[in-house]
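The values are calculated or read from the model by the stated rules, or taken from the named source; none is laboratory data. This structure is a prediction, so every number in the text was calculated from the model and none was measured. Glycine gets a Cβ as well: all are built from the backbone with ideal geometry, and neighbour counts include every protein chain shown. SASA here: full protein model, heavy atoms, side chains in, ligands and nucleic acids out. Shrake-Rupley method; radii C 1.70, N 1.55, O 1.52, S 1.80 Å.
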Amino acid sequence: MKLSRTVTYALQATLLLAQAEPGEPVPCSRLAAEGAMPERFLLQILRSLVTHGILQSTRGVEGGYTLDRSAEEISLLDIIEAVDGPMNMKLPFADVIPTESQARLRDALHSIASSSRTQLQEVKIAHLVNPRKLEKQLTG
């Protein structure tokens, strides 16, 4: 699986906010500087994360961004889908695949997408900030 640059920046900004002082908004300029991300591009990403209920924005001189939910409630899937849209598997060139194989291939891709969504939903921002929690969950 390959994460887009947009998702990577969204994840990086969310991780920075998860490590910031709770309740203190962090300006986009600071997130961009700390993460070496282009500020204009990051601003668009942050707006999308606000729209999807991952971040909260505060206006004004002391404004910026904070997590809208706890780091334990925000999943990697939430971030991916907030930025790239719903995760699903499609057959872009179904017409070149024999008809008898299309349904089986569609079923296989649906199963893979479903499994991936479940696994990505289980990885929380808190796990990425505190790797011990993720190790514990994966080893189980």
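Find me the longest stretch of the chain that has none of the exposed trypsin sites (Lys or Arg not before Pro), where exposed means in a DSSP loop (not H, G, I, E or B) with at most 15 other Cβ atoms within 10 Å.
3-58
Just checking my list (i) 1.49; (ii) 1.08; (iii) 0.96 against Rg/Rh (Cα atoms, Kirkwood Rh) computed from this structure; which label fits?
So the structure-derived entry is (ii).
Are there DSSP H segments in the chain that both extend 15 Å or more along their axis (alpha-carbon positions) and score a mean Kyte-Doolittle hydropathy of at least -1.0? List them, or say none.
5-19, 39-51, 99-122
With a 1.4 Å probe and every protein chain kept in, tell me what percent of the accessible surface of the range 1-88 is carbon plus sulfur.
Ligands and nucleic acids excluded, carbon and sulfur give 48 percent.
For the range 1-113, with the dipole built from +1 on Lys and Arg beta-carbon atoms and -1 on Asp and Glu ones, taken about the Cα centre, which of Leu3, Ile79, Val96 lies farthest toward the positive end?
Val96
For the chain, what is the relative contact order in percent, using Cα pairs closer than 8 Å and at least 6 residues apart in sequence?
For the chain, the relative contact order is 26 percent.
Counting only helical runs of four or more DSSP H residues, what would the 222 nm mean residue ellipticity of the chain come to if each run contributes -39,500 (n - 2.57) and the total is spread over all its residues?
-18500 deg cm²/dmol
Just how large is the dipole of the chain about the Cα centre, in debye to the nearest 20, putting +1 at every Lys and Arg Cβ and -1 at every Asp and Glu Cβ? Don't skip to the end; give the middle numbers.
Details: 15 positive and 16 negative charges, 43 e Å.
Dipole magnitude for the chain comes out near 200 debye.
Efficiency by 1/(1 + (r/R0)^6): what FRET value for Arg106 and Thr6, r their Cβ-Cβ distance, R0 = 22 Å, to the nearest 0.05?
Numbers: r = 27 Å, r/R0 = 1.24.
Result of the calculation: an efficiency of 0.20.
Build a GNM of the chain with springs between Cα atoms under 10 Å: which of Pro98, Pro22, Pro86 gets the top mean-square fluctuation?
Pro98
Note down the relative contact order for the range 7-78 as a percent, whole number, built from C-alpha pairs under 8 angstrom at least six residues apart.
Relative contact order, the range 7-78: 34 percent.
For the chain, modelled as a GNM with alpha-carbon contacts under 10 angstrom, which of Leu109, Leu46, Leu15 fluctuates the most?
Result: Leu109 has the largest fluctuation of those listed.
Would you mind getting me the FRET efficiency between Val61 and Glu34? Use the beta-carbon distance for r and R0 = 35 Å, nearest 0.05.
The value I calculate is 0.95.
Label-point separation (nm) for Gln121 and Ser70, each offset 7 Å from Cα along Cα-to-Cβ?
So the label points at Gln121 and Ser70 sit 2.0 nm apart.
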